[in-house]
Amino acid sequence: MSKFVKDLLTRDLRNQLTGVNDALLVNVVGLDAIRTTKLRGELRKKNIKLEVIKNSMARRATEGTPLAPAFEGVEGTLAIVWGADDFVSLTKEIVKLSEAKEFEGFATRGGTMDGGKLTPAQIKEVSKWPSRTEQLSMLVGQILGPGARLAGQLKGAGGTLVNQVKTHAENLEKAGGGEAAPAAETPAAG
């Protein structure tokens with residue numbers, strides 16, 4: 001491959017990875033064409049991109065970016081994956097697919113998160129974290145919980161008070177024929 005073509009491919013990869021701060025490296029060696037196509041389809045459903053790349057071109061394309069640590073010291077054929085709703089969702093999906101029997105040979109090789117290099121063991125650990133959506137639902141629950149409890153307590157006490165006043169008014173109507181009964185007089189102390 002000529003230097004001109006390599007530079008074009010490197011520039012194209014750099015453009016694809018613009019704005020990407022977290023990514024994973026995976027091994028796709030050992031997957032036949034049918035399983036590779038099925039894997040790419042599964043990833044596409046989750047808005048995850050997969051690009052098989054040459055290590056030297058990837059190093060040049062990611063030089064000076066948060067993705068650069070992922071390519072330090074890696075050898076052999078690999079692919080980079082990025083996308084999904086958030087990085088935890090990406091790791092969950094990649095770990096799930098790597099453990100599936102139909103994609104035997106597909107495995108994590110490393111990655112980068114917040115500018116730091118990740119090992120396959122660390123990726124598996126990150127996949128157990130709650131995703132952004134799960135974190136937001138927990139936060140909303142924590143915010144709404146005390147308010148819902150307070151509203152229930154106010155409504156419960158207020159409902160009890162309203163029932164007592166209503167019962168008292170009904171008792172007064174029955175006793176006095178519809179008019180309020182006069183208050184009982186107390187003898188004057190004297």
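The values are calculated or read from the model by the stated rules, or taken from the named source; none is laboratory data. Only a predicted model underlies this, so the values are computations on that prediction, with no experimental measurement involved. Note that we place each Cβ from the backbone using ideal geometry, even for glycine, and neighbour counts take in every protein chain shown.
Which residue, of LYS101, LYS92, is of a type outside the set (Phe, Trp, Tyr) and in contact (Cβ under 8 Å) with a residue 12 or more places away in the chain?
LYS92
Only one of ARG59, ARG132, ARG109 is under 30 Å from ARG35 (Cα atoms), surrounded by fewer than 16 Cβ atoms within 10 Å (Cβ to Cβ) and either in contact with a helix residue (DSSP H, G or I) (Cβ under 8 Å, 6 or more places away or on another chain) or β-branched (Val, Ile, Thr) (or both). Can you tell me which?
Checking each option against the conditions leaves just ARG132.
State all residues of the range 1-53 that are out of contact with any helix residue (DSSP H, G or I) (no Cβ under 6 Å at 6 or more places or on another chain), under 14 Å from THR65 (Cβ atoms) and basic (Lys, Arg); if no residue qualifies, say none.
Once the filter is applied, which keeps residues that are out of contact with any helix residue (DSSP H, G or I) (no Cβ under 6 Å at 6 or more places or on another chain), under 14 Å from THR65 (Cβ atoms) and basic (Lys, Arg), the range 1-53 yields only ARG11.
Residues in the range 111-122: is at least one outside any loop (DSSP other than H, G, I, E, B), in contact with an Asp or Glu (Cβ under 8 Å, 6 or more places away or on another chain), in the same structural domain as ILE48 (by TED's automatic domain parsing) and of a type in the set (A, V, I, L, M)? Quick ask: steps written out before the conclusion?
Initial filter on the range 111-122 (outside any loop (DSSP other than H, G, I, E, B)): 111-113, 116-118, 120-122.
Then drop every residue that is not in contact with an Asp or Glu (Cβ under 8 Å, 6 or more places away or on another chain), which leaves 111-113, 117.
Now restrict to residues that are in the same structural domain as ILE48 (by TED's automatic domain parsing): 111-113, 117.
Add one more test, that the residue is of a type in the set (A, V, I, L, M), and what stays is 113.
For the range 111-122, residues outside any loop (DSSP other than H, G, I, E, B), in contact with an Asp or Glu (Cβ under 8 Å, 6 or more places away or on another chain), in the same structural domain as ILE48 (by TED's automatic domain parsing) and of a type in the set (A, V, I, L, M): present.
Take the conditions modelled with pLDDT of 90 or more, of a type in the set (D, E, K, R) and farther than 14 Å from LEU17 by Cβ and apply them to GLU125. Does it pass? Give the steps one after another, and end with the answer.
Details: modelled with pLDDT of 90 or more: yes; of a type in the set (D, E, K, R): yes; farther than 14 Å from LEU17 by Cβ: yes.
Answer is yes for this residue.
LYS117 passes all but one of (1) in contact (Cβ under 8 Å) with a residue 40 or more places away in the chain; (2) out of contact with any helix residue (DSSP H, G or I) (no Cβ under 7 Å at 6 or more places or on another chain); which number fails?
(2)
Please work out if ASN21 is surrounded by fewer than 17 Cβ atoms within 10 Å (Cβ to Cβ), farther than 22 Å from GLU99 by Cα and not hydrophobic (A, V, I, L, M, F, W, C). First the steps, then the outcome.
Working: surrounded by fewer than 17 Cβ atoms within 10 Å (Cβ to Cβ): yes; farther than 22 Å from GLU99 by Cα: yes; not hydrophobic (A, V, I, L, M, F, W, C): yes.
Yes; evaluated as a whole, the condition is true for this residue.
Name the single residue, out of those in the range 22-31 being at pLDDT 90 or above and not β-branched (Val, Ile, Thr), that is farthest from LYS92 (Cα to Cα).
ASN27
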